[in-house]
1. Can you spot the lysines whose alpha carbon is less than 21 Å from residue 124's alpha carbon? Ignore those fewer than 8 places along the same chain.
2. At 0.36 nm per residue, and after removing the present C-alpha to C-alpha distance, how many nm does the segment from residue 139 to residue 268 gain when stretched out fully?
3. Quick one: pull the percent of accessible area on the chain belonging to carbon and sulfur, 1.4 Å probe, ligands and nucleic acids left out.
4. Could you compute Rg(Cα) / (2.2 N^0.38 Å) for the chain, with N its residue count?
5. Could you grab the relative contact order for the chain? Cα pairs under 8 Å, six or more apart, rounded to a whole percent.
6. Calculate, for the stretch 127-196, the solvent-accessible area per residue in square angstrom, rolling a 1.4 angstrom probe over the heavy atoms of the protein chains.
7. For the Cα atoms of the chain, what angle does the longest principal axis make with the long axis of helix 105-119, in degrees from 0 to 90, nearest 10?
Amino acid sequence: MGDGMRFKDKVVLVTGGSEGLGKGIVDAFVREGARVAINGRNAEKLASAVIDVCQNAGASSAAVIGVAADIGDSAAVSAMFAEILAKFGTLDILINNAALTPSDAESAKSRIEFMQMITTPIAKHSLKVTSQMSDERWLKMINTNLNGLFYCTREALRIMEPKGYGKIVNVGSVAGISGVSAHSPHYSASKGGMVAFTKSVAVEVAGAGINVNCIAAGGIATAAWDEAAARVPSFMGQIMQMIPAGRIGTIEEYSSLALYLSSDDAGYLMGQIISPNGGMLT
């Protein structure tokens with residue numbers, strides 16, 4: 001990871017940074033000298049994450065703050081950025097990591113059916129997800145994953161454009177570039193939208209010295225993943241049939257890529273969709 005100070009005094013916002021991959025990315029940035037704002041919706045989780053990150057990375061409390069906000073709320077996002085500016089004075093790097101995942105009961109049921117359909121020689125049939133999806137389920141997913149992406153990026157660019165420097169990394173999913181999440185079309189649509197948004201905005205702001213790229217993530221070994229695997233013992237084996245590497249990615253593998261894309265070493269990468277997925281067909 002370089003000399004440990006690639007991001008000395010850089011100011012970073014990681015949305016959805018209080019747990020899972022987001023927290024891993026926060027840890028990595030703090031270890032490399034960055035000042036980091038951790039976003040999340042749960043104030044208690046945020047406070048705990050700030051303490052944990054400072055202890056893990058040996059950072060002072062002045063280098064890490066928690067900023068609570070629902071990124072699907074435009075006014076809350078504006079207030080969050082005002083808080084970051086008041087504390088750190090600027091923003092250099094935005095990691096758009098926060099997202100809803102299809103974890104409701106309906107999605108869990110259709111996910112199991114999908115895995116059975118593609119891994120066993122049974123008669124093919126419609127999963128009947130789209131035809132049965134409510135407006136509420138659709139809009140809830142799109143509001144956080146796509147509207148929230150827009151709100152955060154808009155505020156970040158208002159800071160980055162005037163100073164002619166910035167890095168934005170959007171954490172997406174293979175669901176946005178393939179049919180691997182046929183069980184969750186609302187999630188796939190939100191992540192596909194992220195891909196198109198990344199490409200468009202990257203070209204728009206290239207002349208202002210700002211890099212925008214996307215990580216289309218495959219499986220990530222987080223606590224949430226482990227819980228899902230425990231609920232459905234056969235699930236992990238079925239997933240492994242789809243991944244030539246025979247395993248899912250680690251938080252460290254993904255966070256190191258996020259740091260690279262946020263560094264000046266990646267200055268010639270613009271609008272790229274990079275998918276660490278263990279060789280999964282996309």
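1. 109
2. Working: separation 129, 0.36 × 129 = 46.44 nm, distance 3.55 nm.
Between residue 139 and residue 268, full extension yields an extra 42.9 nm.
3. Numbers: 6960 of 12590 Å².
Carbon and sulfur: 55 percent of the exposed surface of the chain.
4. On the way: Rg = 18.7 Å, N = 282, 2.2 N^0.38 = 18.8 Å.
Normalised Cα radius of gyration, the chain: 1.00.
5. Dividing the mean separation by the residue count of the chain yields 19 percent.
6. On a per-residue basis, the stretch 127-196 sits at 40 Å².
7. So the inclination is approximately 60 degrees.
The values are calculated or read from the model by the stated rules, or taken from the named source; none is laboratory data. Keep in mind that this is a model prediction, so the values were computed, not measured. Just so you know, the surface numbers come from the protein's heavy atoms only, side chains and all, with ligands and any DNA or RNA stripped out. Shrake-Rupley method; radii C 1.70, N 1.55, O 1.52, S 1.80 Å.
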